[in-house]
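Since every read-out is calculated from the coordinates, none of them should be taken as a lab result. All values derive from a computational prediction rather than experimental measurement. Glycine also receives a Cβ, built like all others from the backbone with ideal geometry; neighbour counts cover every protein chain displayed.
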Amino acid sequence: MRRMDAAPRTAATAKTRVPFWDNARFAAIVLVVFGHAIQRLTYDSDAAEALYLLVYAFHMPLFALVAGFFSSSAEPTRARMARLFTDLLAPYLIFETLWTVLRFLLTGRTNLDPTQASWTLWFLLALAIFRLVLPYLALLRGPVVWAVAISIVTGYLPSIDSTFSLSRALGLLPFFTIGWWLRDRGVVERFGLLAARPVWLRVAAAAVLAGAGVVAFAFVDLWREVRLGTWLFFVDPYVDLDAGHWWAGLVRLGLIVLALTLMAAFLLLVPRRETRWTHLGRYTMYVYLLHTFVLYPFRQSGVLRHLEPVGLWLPIIAVASVAIAVGLSSRPVRRLTRPLVEPRLPWLFRDHSLGAGRAG
């Protein structure tokens, strides 16, 4: 996402974008839209449930990893501290207010509580927490190990809950930290991870994703019974998942490994070259914040329930998800909604230049 995963950029880095990362961002945001679009179908369809589990097993960890890759662990500058407000906290408050008003208009009820994020807005708070924690985490030996330990231990502590999305942020912290570590240690360049991939490797990656989908479908009743979908949110303590046992942390560790495996397979299939849709990867924040307003009427009206045959409707929804992502990242939509998504707030800071924003 453009602001979600943008690090402070120099003039050089602003001019030399790597197409792969924008391609990955756009492909991932399509998965976000698709996952939210099929959620209602999961009540009636095993196939939809399996696809939902497959997508949720890695799509938000992927965004956390990409955000970490483009983040800095250096001591925060005044400009970077200001961007925490303009990039994340201000959009969060704006869209939280919009959702509060919308719920009141539609239901007559509301609960204005900015400590509890509405729907997808939790990720903005998680990103803010990631950025605040990273400089301290980077001081430690083995920061990835520490991040994994924090994620696992968090699940044992019911007092760490969804307030300010803290439990989810700490749960996903390993992915953000790994993303930062990959860039900080120069792993991508050193091992040529963005070089052309042989056909056999792409086939293997596709097989891994397909195999995961088959396993999700074959054991779908078991996954429902153990509430795997809820585990994949990284939000609830283990005791609330009926797993208040010593081994619960091993389950979360397994899910972290699973997410990394599926991410690697997914990224192996992402094009390395410039494509017709590469530039849209710069604007995924627009898609992330706006797509819920497009989907909300369909989800709440029940239109997405009992769609038959599911084998026909799932591809239709997939195509519609791509269309929504393309439309919401288009120039007209960006121009119309930029004050909400990328607010310029010079009046908020003593130095007005800090809130001037960037053209996009």
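The calculated 222 nm mean residue ellipticity attributable to helices in the chain amounts to -19500 deg cm²/dmol, summing -39500 (n - 2.57) over DSSP H runs of n ≥ 4 and dividing by all residues.
Listed values for the range 219-225 are Karplus-derived 3J(HN,Hα) couplings in whole Hz (6.51 cos²θ - 1.76 cosθ + 1.60, θ = phi - 60°), namely 10, 4, 5, 5, 5, 5, 5, and x replaces Gly and Pro. A Gaussian network model of the chain, with springs between Cα atoms under 10 Å, assigns the largest mean-square fluctuation among 339, 174, 19 to 339.
Computed across the chain, the Kirkwood radius stands at 21.3 Å (inverse of mean 1/r, all Cα pairs).
Comparing 201, 173, 253 in a Gaussian network model of the chain, where Cα atoms under 10 Å apart are tied by springs, the biggest mean-square fluctuation is seen for 201.
Taking every alpha-carbon pair under 8 Å whose residues sit at least 6 apart, the range 11-355 reaches a relative contact order of 33 percent.
Seen from residue 213, the other residues with C-beta closer than 15 Å to its C-beta sum to a net charge of -2, counting Lys and Arg as +1 and Asp and Glu as -1. Its Cα centre serving as origin, the range 11-355 has a Cβ charge dipole (Lys and Arg +1, Asp and Glu -1) of approximately 1400 debye. Computing FRET efficiency as 1/(1 + (r/R0)^6) for residue 113 and residue 16, where r is the C-beta to C-beta distance and R0 is 41 Å, gives about 0.45. Each label point was placed 7 Å from the Cα along the Cα-to-Cβ direction; for residue 188 and residue 138 their separation is 1.5 nm. Here the relative contact order of the range 128-213, from alpha carbon pairs under 8 Å that lie six or more residues apart, stands at 25 percent.
3J(HN,Hα) along the range 255-261, derived from phi through the Karplus expression 6.51 cos²θ - 1.76 cosθ + 1.60 where θ = phi - 60°, amounts to 5, 5, 5, 4, 4, 5, 5 Hz, with x in place of Gly and Pro. Note on 349, 123: ascending count of other Cβ atoms within 10 Å places them as 349, 123, the fewest first. Centre-to-centre separation between the Cα atoms of the range 18-92 and those of the range 263-315: 11 Å. Among the chymotrypsin sites (Phe, Trp or Tyr not before Pro) found in the range 183-231, those both in a DSSP coil and sparsely packed, with 12 or fewer other Cβ atoms within 10 Å of their Cβ, are 191. A Förster radius of 56 Å combined with the Cβ-Cβ distance from residue 335 to residue 305 puts the calculated FRET efficiency at roughly 0.95.
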